[in-house]
Amino acid sequence: MALDRTPGDTRTRILDEAERLFARSTISRVATREIVEAAQQRNTSAVTYHFGSRDGLLGAILVRHGGPIDRRRGEELEGSGEASLRDLVAALAVPYAEALRTAGGRSYLRIVDQLRDRFARWDVESDLATSTNLRRILSSLELAGDREPAAQRERVVAVIMVLSSLCAERARILDTGSAPRWDTTGSSVNSSTCAPGL
């Protein structure tokens, strides 16, 4: 077993291994001990030391990827003036799907999909890395329809669930080495395609 290095190295290693394990199993089934062992740490309380708790570790994973995705969403919206429905959906989906390009991003997508029971509370759940641009997009989508507010909210939650499910499944396919069959144009893609459209 490798020796612990600097606190930053240890923290990063724990994050990396927790991402991988949470994504490939389920968050609830992965024991803290497994994470510590996979990160090659001798200190059994390393998760508590670096993250405060298991929930703190999950929150750190969500912020690690959710922050950059949220910044990309802001970039997508910049200069669009009054965003159309198409602009809003693109700003929601494109940066999220771009996470398919990296192993860590694919793990993040698979983890977020396990948190579906929290999606209906997107405006109050901070542990989903629901930050400024995501809140702005989802709030705008709620106001964009012609239905009563409760129905609009239900529709927005459905959009989030579909997006999450599609991206998580695509991540799983890519992680197993299977080649996605089609890109967004209907053309065949090869196994090296990392970030096909939805």
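The table that follows gives values for the structure above.
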read-out	value
Sites Arg101 and Ser28 - FRET efficiency at Förster radius 35 Å, r taken between beta-carbons, to 0.05	0.80
Segment Thr12-Arg64, extension gain: residue separation times 0.36 nm, minus the distance between their alpha carbons	17.7 nm
Contour minus Cα-Cα distance for Arg172 and Leu115 (0.36 nm per residue)	18.9 nm
Neighbour cut-off at most 15 other Cβ (10 Å), DSSP loop, GluC sites (Glu not before Pro), the stretch 55-90	Glu78, Glu82
Pairwise FRET efficiency - Arg42 versus Asp87, Cβ, R0 = 45 Å, nearest 0.05	0.35
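Every number here is computed from the coordinates shown, using simple stated rules; none is lab data. Just so you know, these numbers come straight off a predicted model, no measurement behind them. Ideal geometry is used to build each Cβ from the backbone, glycine not excepted, and the neighbour counts take in all protein chains shown.
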